[in-house]
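These notes concern the structure reproduced below.
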Amino acid sequence: MTLSLALEARDLSYLPSRRDEDWRWTDLRGLIRELPAPSPEVTTDMSPGPFGDEGQAELLVVNGRVRGDASLLSVGEGEARVVRLRFVSATAETSHRVKLDVNLAPGAQLTLLESYEGQAPDYLADAALSVRLEAGARLERIVLAGDHAEGVSVSITTVSLAPDAELSQTVLTDGARRQRLETRVEHPGQAAVVRMDGAYLVADRRHADLTTAVNHAGTDGTTDQLVKGVVADQGRGVFQGRITVSPGADRTDARMGHHALLLSDRAEVNAKPELLIFADDVACAHGNTVGALDEDALFYAQQRGIPEAEARAMLTEAFIGEVIDRIVHDGAREVARAWAAERRVG
Amino acid sequence: MLSIKNLHARVEAAEILKGLTLDLPAGEVHAIMGPNGAGKSTLSYVLTGRQGYEVTDGTATLDGEDLLSLEANERAARGVFLSFQYPLEIPGVPAMTFLRTAMNAQRKARDEPEISATDFLKRAREVAGQLKMDFDMLKRPLNVGFSGGEKKRMEIFQMAMLSPRLLILDETDSGLDIDALKIVADGVNALRSPDRAMLVITHYQRLLDYIRPDKVHVLAAGRIAATGGPELAHELERDGYDKYARAA
């Protein structure tokens, strides 16, 4: 059951619902009573996206239609580039979907600055990325999801890695009416390295779902995950992280951390961290915490003269900062930092 | 400078301070000693405005101004500084950023202009040098991964930078070895001045060999049970607090 199928078949019954275990906190069937009309083609110029002019090239996808040359996402052997990939939903009460391939040849390097931009309310958008990293290739993917408060958006990325390849990803979102950002990784082990970070800053009545699944199939693989969330008002954050260590995937090193702050009584976080280990010789750890802002730290800051509201904002920003600090691309890291500062929900 | 009269305070249902009266004139250093549970830390939190500490009676004024009606940050802006027994770790906020934010918030509250980045850095280097601190420590997240001694030194560093009028040191000696204690005490002593007052809260007399108090108060069961000169600290070290605990 996927949104993509529902849009393709124009049939609501394909929508995932709370009866689907992986979708129980991000119910689409209960939410969507009618599929909006297919989105029209939009040819007007787009103003710059959240990553501005970072990087060398831009691939724009408006209402599910690719503008320009999708081969920008195929990087040849030994090549390196930084590409902005922008998914724009431009028209209210319409729906669209798109599928793109990202291919990195052996030793290729790509920094993907991916943004979701909701310019109108009440859209239904689905994006699917299929990513292949050959031996020694390196992808850093930074996703900045800026959907409309009344948009519904699903993005599902599947990644397969060859030995020695490296995927580093940071997904940042402030949610939407309903939003799911999902990444599934086939991890071969064999010195391949995966970092799967994320942060959600959700306020008002927004909903953000960060779901990841990493399957370690071979020996000597590494996965490191840090996801943090701050939820205020009646916002809702969902984190589902699954790391599977298949039989024989010995010497896997997998670490998962998910930590969330709830800033109001009506804010909600649903977390499901899972480590499924079927191998013997592994180093795996996970930590999951959901709590309020540290009152002791708050008093400490106030005692030094910082007013309460400012202290709260400083502490929540610092909390998220730990994720942002791990972004490798300098420009993207600064964009992410500014993004977090603007969305101080404390 | 600091005048506390008949102070009663409670935490949740428990009354901790039961009629505490104390006068701390400018230029003086007073030690507050007492057994565990006497209310020493409560006194420091009541004076600095921590939530959850309810004053039920009495007054506390700083140069005649009612302290108890002010928010914690307003008290700080008026020059009240508490060196914490257990300084907090603030992940993600470099010590310098934290302190500069605090300094500018205090200045703003006093209608003073912000300190420039250059002036701040210059001063930070000076003070760090005096306290024999590694300047790079100030670039790291505040207190994260610091040893007990480093945290206490960071407290004194902040104190020296913020230049408060009323300094409250809560068990500043705890967790310090003798070398760290000397450095911290030197830092505190350097701040002694005719227009400052200090309240040194401690369980042991040891700290008072390095920070010589003008007066020593014994806090037992929520009030001042005895007041004397530095010799009182030695007497307590020798005889313990039993006499005062019983009298209370």
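The values are calculated or read from the model by the stated rules, or taken from the named source; none is laboratory data. Here the structure is a predicted model, which is why all the values come from computation and not from measurement. All Cβ positions, even for glycine, are placed from backbone atoms using ideal geometry, and neighbour counts span all protein chains on display.
Considering only strands (runs of 3 or more DSSP E) fully contained in the range A:152-202, which possess at least 1 residues that are over 15 Å from the mean Cα position of the chain (by Cα), over 16 Å from residue A:140 (Cβ atoms) and not aliphatic (A, V, I, L, M)?
By residue number, A:152-161, A:178-187.
Within the range A:299-333, can you find the residues that are at pLDDT 95 or above and more than 26 Å from the chain's Cα centre (by Cα)?
Passing the criteria: A:299, A:300, A:301, A:302, A:303, A:304, A:305, A:306, A:307.
Which condition number does residue A:278 fail, the rest of (1) buried (at least 16 other Cβ atoms within 10 Å of the Cβ); (2) more than 13 Å from chain B (Cβ to nearest Cβ); (3) among the aromatic types (Phe, Trp, Tyr) being met?
(1)
Which condition from (1) over 26 Å from residue B:61 (Cβ atoms); (2) crowded, with 22+ Cβ neighbours inside 10 Å; (3) of a type in the set (Ser, Thr, Tyr) is the one that residue B:202 breaks?
Condition not satisfied by residue B:202: (1).
Please note which helices (runs of 4 or more DSSP H) are completely contained in the range B:117-216 and include at least 2 residues that are at pLDDT 95 or above, touching a helix residue (DSSP H, G or I) at 6+ places or on another chain (Cβ under 8 Å) and of a type in the set (Ser, Thr, Tyr). Explain how you work it out, then say what you get.
On the way: elements: B:117-130, B:148-162, B:178-190.
Here the list is empty.
I'm trying to understand the selection: among the residues of the range B:104-130, which are out of contact with any Asp or Glu (no Cβ under 7 Å at 6 or more places or on another chain), under 16 Å from residue B:79 (Cα atoms) and polar (S, T, N, Q)?
Across the range B:104-130, the qualifying residue is only B:106.
Taking the range A:291-335, which residues are of a type in the set (Ser, Thr, Tyr) and either in a loop (DSSP other than H, G, I, E, B) or more than 7 Å from chain B (Cβ to nearest Cβ) (or both)? If you could, list the steps in order and put the result at the bottom.
First, the residues of the range A:291-335 that are of a type in the set (Ser, Thr, Tyr): A:300, A:316.
Hit for the range A:291-335 is A:316, nothing else.
Can you run down the residue pairs with Cβ atoms below 6 Å, 6 or more apart or on separate chains, where the first is in the range B:148-175 and farther than 19 Å from residue B:203 by Cβ and within 14 Å of another protein chain (Cβ to nearest Cβ) and the partner is in a loop (DSSP other than H, G, I, E, B) and among the small types (Gly, Ala, Ser)?
Partner pairs satisfying both residue conditions: B:164/B:79; B:165/B:79; B:166/B:79.
Taking strands (runs of 3 or more DSSP E) that do not extend beyond the range A:35-150, which have at least 3 residues that are under 25 Å from residue A:336 (Cα atoms)?
Numbers: elements: A:57-62, A:65-67, A:80-89, A:94-104, A:109-118, A:124-133, A:138-146.
Fully inside the range A:35-150 and qualifying: A:57-62, A:80-89, A:94-104, A:109-118, A:124-133, A:138-146.
One line per residue, one yes/no per condition, for (1) charged (D, E, K, R); (2) touching a Leu at 6+ places or on another chain (Cβ under 9 Å); (3) buried (at least 23 other Cβ atoms within 10 Å of the Cβ):
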| residue | (1), (2), (3) |
| --- | --- |
| B:9 | no, yes, yes |
| B:23 | yes, yes, no |
| B:35 | no, yes, no |
| B:38 | no, yes, yes |
| B:46 | no, yes, yes |
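Only one of these conditions is not met by residue B:151: (1) over 26 Å from residue B:74 (Cβ atoms); (2) among the charged types (D, E, K, R); (3) crowded, with 16+ Cβ neighbours inside 10 Å. Which number is it?
Answer for residue B:151: the failing condition is (1).
For the subset of the range B:53-88 comprising residues that are more than 8 Å from chain A (Cβ to nearest Cβ), assigned to a loop (DSSP other than H, G, I, E, B) and within 19 Å of the chain's Cα centre (by Cα), which member is surrounded by the fewest Cβ atoms within 10 Å (Cβ to Cβ)?
Step by step, filter the range B:53-88, then rank; the result is B:63.
Among what's in the range B:93-116 and is in a loop (DSSP other than H, G, I, E, B) and aliphatic (A, V, I, L, M), pick the residue that is nearest to the other protein chains (Cβ to nearest Cβ). Spell out how you get there, then give the answer.
In the first step, residues of the range B:93-116 are kept if they are in a loop (DSSP other than H, G, I, E, B); the result is B:93, B:110-116.
From the residues that got through so far, the ones that are aliphatic (A, V, I, L, M) too are B:93, B:115.
Working: B:93: 5, B:115: 13 Å.
Among those residues, the one meeting the criterion is B:93.
Looking for whichever is in contact with a strand residue (DSSP E or B) (Cβ under 9 Å, 6 or more places away or on another chain) and within 14 Å of chain A (Cβ to nearest Cβ) here; the options are B:142, B:138. Which one fits?
Of the residues listed, the single one that is in contact with a strand residue (DSSP E or B) (Cβ under 9 Å, 6 or more places away or on another chain) and within 14 Å of chain A (Cβ to nearest Cβ) is B:142.
When you scan the range A:211-264, how many residues do you find that are more than 19 Å from residue A:160 (Cα to Cα) and in a strand (DSSP E or B)?
19
Out of B:41, B:69, I need the residue that is closer than 18 Å to residue A:295 by Cβ and among the hydroxyl-bearing types (Ser, Thr, Tyr). Which one? Even if it seems obvious, please write down each step before you answer.
Working: B:69 fails: closer than 18 Å to residue A:295 by Cβ.
Every option except B:41 fails the conditions.
Mind checking which residues of the range A:82-116 are polar (S, T, N, Q) and within 14 Å of residue A:62 (Cα to Cα)? Before the answer, list the steps.
Kept after step one, since they are polar (S, T, N, Q), are these residues of the range A:82-116: A:89, A:91, A:94-95, A:103, A:109, A:111, A:115.
Selection gives A:89, A:91, A:94, A:95, A:115.
Of the conditions (1) closer than 30 Å to residue B:238 by Cβ; (2) out of contact with any helix residue (DSSP H, G or I) (no Cβ under 7 Å at 6 or more places or on another chain), residue B:15 fails just one. Which one is it?
That leaves (1) as the condition not met.
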